[in-house]
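The structure under discussion appears below in the form of C-alpha cells.
The values are calculated or read from the model by the stated rules, or taken from the named source; none is laboratory data. Quantities reported herein were computed from a predicted structural model and do not represent experimental measurements. In this analysis, Cβ positions are derived from the backbone assuming ideal geometry, glycine residues included, and neighbour counts consider all displayed protein chains. Ligands, DNA and RNA are stripped out before the accessible areas are found, and what is left, the full protein with its side chains, is counted by its heavy atoms. Shrake-Rupley method; radii C 1.70, N 1.55, O 1.52, S 1.80 Å.
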Amino acid sequence: MGKLTIALDGPAGSGKSSVAKQIAKTLGILYLDTGAMYRAVGYDILKKGIDPLDRERVESAMKDIDVLIRFIDGQQQVWVNGEDVTGKIRTPEISKAASDVSAHPAVRMAMVELQRETSEQYDMILDGRDIGTFVLPNAEFKFYLVASCEERARRRHKELAERGIDRPLSEIQREMEQRDYNDSHRALAPLKQAEDAVLIDSTAMTIDEVARQIIDTIKGEVK
Ligand code: DC
C-alpha cells in the first residue's frame, strides 16, 4: 500500500467521483476510479457480442481481456485490449453491463488484483463499492458516501443531460435502484459499508462540503 490510501465507497450517484477528484487535487494525490475498470470489461464484453450475465462465457472471455490504467498528468485513462475507452464508457448501457460483469468472480478477482497493485505504487484515493471491505481492508481512511435515491437520480439525470443523453428521470431512478440492488446482493464483495468507515450522507451537501469534511477528518488524524 502507498503511504496514503483513502477508500471511498457508496452506491451510484452518491457523489463519489466528483468528491474523489476534488480531494485528489487538494491533497496532490492520484484518484483511481475503479468503476471505470468494470466499465471497460463491460464495454469489451458487449463488443464481443457476449451477454454480460452469461458467467461462463464472460469468465472464459476474461482470459483475453487486458485492462490497463494509465495516468496522464494525473488524469486516469482506461484501456482495454489496446483501445482507449476512457470517453466511451459513461452510458446507461455500459453502466448495466459493468454491474452485471462485476458479479462474476473471475472478473472481480482480476480487477481487484489490478487495483491492489496500483495502490501500492502511489498515494491515492480509490472510489468503488468494495474498496474498504475487500480490496484494501487495511486502508488508513475509509468513507462511505450515501444520498437519497431521488437525489442520486437527479444528479445522474443532470450529468447525462449535460452530455446530450436525454433519459426520463423515472427511468434513470429505476435503473439506478436495479443496479444498487445487483451491486449489494452479489455473493462476492458486495456493496456494503465497512465497519470502520465514516458514513457521510451527501443528500443536502455540495461536493465542496463533502470533500472538506473528508479532508478535515484526514488532517485531524494525520498529525
Ligand atoms: O462506480 P461506477 O458507477 O462507475 O461502477 C460501475 C459498476 O461497476 C457498478 O455498478 C458495480 C461495479 N463496481 C464494482 O463492482 N466494484 C467497484 N469497486 C466499482 C464498481
**OP:** Answer yes if at least one residue in region 33-55 is over 28 Å from R155 (Cα atoms) and open to solvent by less than 20 Å² (accessible area, probe 1.4 Å), and no otherwise.
**Re:** yes
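Yes/no matrix, rows are residues, columns are (1) touching a Pro at 6+ places or on another chain (Cβ under 7 Å); (2) farther than 17 Å from I45 by Cα; (3) crowded, with 18+ Cβ neighbours inside 10 Å:
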| position | (1), (2), (3) |
| --- | --- |
| W79 | no, no, no |
| E83 | no, no, no |
| I89 | no, no, yes |
| I94 | no, no, yes |
| A98 | no, no, yes |
| V101 | yes, no, yes |
| A106 | no, no, no |
| M109 | no, no, no |
| T118 | no, yes, yes |
**OP:** Keeping to region 210-223, report how many residues are over 13 Å from K16 (Cα atoms) and surrounded by 13 or more Cβ atoms within 10 Å (Cβ to Cβ).
**Re:** 5
Original post:
Failed condition for Q115, given (1) touching a Ser or Thr at 6+ places or on another chain (Cβ under 7 Å); (2) more than 9 Å from the ligand (Cβ to nearest atom); (3) not charged (D, E, K, R), with all others met?
Top reply: (2)
**OP:** Confirm whether S202 is farther than 18 Å from P11 by Cβ, in contact with a Leu (Cβ under 7 Å, 6 or more places away or on another chain) and crowded, with 21+ Cβ neighbours inside 10 Å.
**Re:** no
**OP:** Mind listing just one residue for me: the one in region 136-178 that is among the basic types (K, R) and within 19 Å of K88 (Cβ to Cβ) and, of those, farthest from the chain's Cα centre (by Cα)?
**Re:** R167
Original post:
Looking at region 1-32, which of the residues that are more than 11 Å from Y122 (Cβ to Cβ) and of a type in the set (S, T, Y) is surrounded by the most Cβ atoms within 10 Å (Cβ to Cβ)?
Top reply: S14
**OP:** Search region 132-174 for residues being aliphatic (A, V, I, L, M) and open to solvent by 30 Å² or more (accessible area, probe 1.4 Å), and hand back the single one that is farthest from T217 (Cα to Cα).
**Re:** I165
